[in-house]
Amino acid sequence: MNYLIRGLVLFCLNLTVLLAVAQDRTVNGTITDQLTNEPLAGASVLVKGTSKGTSTDSDGKFSLIVPAN
């Protein structure tokens, strides 16, 4: 019985750590033209290796939720 309680406590601790590590992050930025430094409206922003993405607004700004890793 004592081993069962210890095992359950360890399982809960491990689960808590995994959930804390697996948090998504928000990436914000502005896409500008390299030569003129003007914002680029409608530019595509993609997470490499996924189909997740967004496009920039009229001011060249974007916000994208990405996996933590």
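The values are calculated or read from the model by the stated rules, or taken from the named source; none is laboratory data. Treat the numbers as computed from the prediction; the structure is a model and nothing was measured. For neighbour counting, all protein chains shown are included, and Cβ atoms are generated from backbone atoms with ideal geometry for every residue, glycine included. Heads up: the accessible areas ignore ligands, DNA and RNA and are worked out on the full protein's heavy atoms, side chains in. Shrake-Rupley method; radii C 1.70, N 1.55, O 1.52, S 1.80 Å.
When the range 10-31 is filtered for residues that are surrounded by 10 or more Cβ atoms within 10 Å (Cβ to Cβ), modelled with pLDDT of 65 or more and over 15 Å from SER63 (Cα atoms), only LEU10 remains. The residue that is modelled with the lowest pLDDT, counting only those in the range 32-48 that are within 13 Å of PRO67 (Cα to Cα) and open to solvent by 90 Å² or more (accessible area, probe 1.4 Å), is LYS48.
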